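A short write-up of the structure that comes next.
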Amino acid sequence: MVLYLLGNLAEADQESLEETLLVDEEAFARLEAVEDDLIDAYARGELSKTDQQRFRQRFLTTQGRRQRVAFGRALATEMSPKESSKEESTEAAVPRPASRGWALRLAVAANILLALGLAWLAAQTLNLKGQVRELASQRLDAMEGRESLSDQAQDLSRRLAEGQERAVELDQMVKTQAEELTRKGEQIAALQGDLARRTSTRSSAQPLVASILLSIGVRSEGGSAQLEIPAAADQVELQVDLEGDDAYDDFRVTLRTGAGAQVWGRKGVEAVATEWGSELLLKLPAELLKPGRYELAVEGLAASGDVLPVGFYGFSVVR
Amino acid sequence: MPPKTTFLDSEAFGALLDFLDADREAAGDKFQSLRRRLVKLFEVRGARFPEDLADETISRVAGKVGKGLKIEAQDPFRYFCGVAFLVFKEVTRGRSRELAAMEDLRFHPAQELAEADERLPHLQRCLENLPKDNHQLILSYHQGEKGERISNRRRLADALGVTATALRIRAHRIRLALESCVEQGLSADSA
């Protein structure tokens, strides 16, 4: 449905889906919900660059949709972490059970947040230093000027004061971010410990499996995910996040090389519910995958018998 | 915009309602639902005036039904789909005019942010005015970063004893009410 909303479906597939949407009320309701999520993902900057561009070109085509996006942005602002901390009681009503998938993803997310946070702090510090230097330099220039010296000095003093106020604000933000990063660091340490324990308890009798999570983040990006297959690995596990496109009886998956040669395929694959929605769990012999680029095509079999594309997931294999 | 406008008289409209359902109330509901879906379909296809095209589609079918044409489609809505494709194809022939009309909708980052900012105080007011259970649901539904949000929703659905789809539909309806409230607030500001 995301592909449909972004205008990524072939004409025949689009017409087929539109017929379904007209006759199936629940499918239409699901489309509206997926549209909400798409707007939110755009408003929160969660879409890939390609999808973001497509969203602007193909989605923002009416005034009504622009209004909905503006609403989505306002909602994202309202639901930003600063605001959500006020809603501890609501959050507390939704407990967070630990799970392998959740733990790994949180670790990855926390790592990314940590890196982004540090980069942001560094950029802000450099920016602030630059502003102060620039202001000082401008003030010196103004002092040496002969005309409007007084006015310029007043203006620069005001700007300097503003810069100092901004510095205080940034200092406060830095402290807040540092606290957050410390907290995330502790979470990462705990999760890494947990992961190490899980890894060490894996029975030596079990086959060695190389695993990769394929999600919408890498869909349509040409495949930024990388699967490292150890030499001793027997199997490869592809975990495909369906991102809500799970309303099909079953799925057909086809794995091709970057050159388009089919490597592996399965019909009648069923989605499994997870903490994250639903996903496909695919296992195939590791020996099938040589180093290089691959694309996994996922199609859904609708109740009407139509086969509709769900998404393309790219990744690279290294050994 | 549609290439021509088909006039829908009350007789044709009555025939259309009879075609949709023998019960007038049920037919009215089906009509509203059908129009909403057609608008969405034209919107997704990039039509600048999706409401106009939906109305044109409905008018054409109503005209045929009003003249006594027997529609053999398995599902009446499927027939509308076929007519909608025709209407859209006619529109795309005059696409250059449409594209010219869309110029003012091009992406302007500053404008996007400004439009969001002016909605924020209205959104806060509208959220406060929601019934308590809806207020809590919509906050929980949108809370967290991407992955955490999905996880939250799964647990929220479990806690409420509903399916994920039912939760999404419920959240969508609350969101529509909020959007409407915000737009009304903006209109009142500019009045």
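The values are calculated or read from the model by the stated rules, or taken from the named source; none is laboratory data. Here the structure is a predicted model, which is why all the values come from computation and not from measurement. Positions of Cβ are backbone-derived with ideal geometry, glycine not excepted, and every protein chain shown enters the neighbour counts. Just so you know, the surface numbers come from the protein's heavy atoms only, side chains and all, with ligands and any DNA or RNA stripped out. Shrake-Rupley method; radii C 1.70, N 1.55, O 1.52, S 1.80 Å.
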Residues that are open to solvent by 20 Å² or more (accessible area, probe 1.4 Å) and modelled with pLDDT under 75: does the range A:247-269 have at least one?
yes
For the range B:109-143, how many residues meet the condition of being facing chain A (nearest Cβ under 9 Å) and not in a helix (DSSP H, G or I)?
1
Among the residues of the range B:144-166, write down those that are among the small types (Gly, Ala, Ser), more than 24 Å from the chain's Cα centre (by Cα) and more than 9 Å from chain A (Cβ to nearest Cβ).
B:157, B:161
Which residue is surrounded by the fewest Cβ atoms within 10 Å (Cβ to Cβ), if the candidates are limited to the range B:38-56 and must be within 23 Å of residue B:9 (Cβ to Cβ) and among the aliphatic types (A, V, I, L, M)?
B:39
I'm trying to understand the selection: among the residues of the range B:162-191, which are open to solvent by less than 70 Å² (accessible area, probe 1.4 Å), under 21 Å from residue A:247 (Cα atoms) and out of contact with any Phe, Trp or Tyr (no Cβ under 9 Å at 6 or more places or on another chain)?
B:162, B:164, B:165, B:166, B:169, B:172
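Rundown of residues vs (1) open to solvent by 40 Å² or more (accessible area, probe 1.4 Å); (2) touching a Lys or Arg at 6+ places or on another chain (Cβ under 6 Å); (3) at pLDDT 60 or above, yes/no style:
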{"residue": "A:159", "(1), (2), (3)": "yes, no, yes"}
{"residue": "A:167", "(1), (2), (3)": "no, no, yes"}
{"residue": "A:174", "(1), (2), (3)": "yes, no, yes"}
{"residue": "A:195", "(1), (2), (3)": "yes, no, yes"}
{"residue": "A:200", "(1), (2), (3)": "yes, no, no"}
{"residue": "A:203", "(1), (2), (3)": "yes, no, no"}
{"residue": "A:206", "(1), (2), (3)": "yes, no, no"}
{"residue": "A:209", "(1), (2), (3)": "yes, no, yes"}
{"residue": "A:213", "(1), (2), (3)": "yes, no, yes"}
The lone exception for residue A:24 - which of (1) within 24 Å of the chain's Cα centre (by Cα); (2) more than 8 Å from every other protein chain (Cβ to nearest Cβ) it fails:
(1)
Could you check the range A:27-68 and list, in sequence order, the residues that are more than 7 Å from chain B (Cβ to nearest Cβ) and among the β-branched types (Val, Ile, Thr)?
A:34, A:39, A:50
Just to be sure before I move on: is residue B:82 at pLDDT 80 or above and in contact with a helix residue (DSSP H, G or I) (Cβ under 7 Å, 6 or more places away or on another chain) in the structure I sent?
no
How do the helices (runs of 4 or more DSSP H) wholly within the range A:1-61 filter down when requiring 2 or more residues that are touching a helix residue (DSSP H, G or I) at 6+ places or on another chain (Cβ under 7 Å) and of a type in the set (Gly, Ala, Ser): which remain?
A:25-43
Yes or no: residue A:294 among the hydroxyl-bearing types (Ser, Thr, Tyr) and modelled with pLDDT of 85 or more?
yes
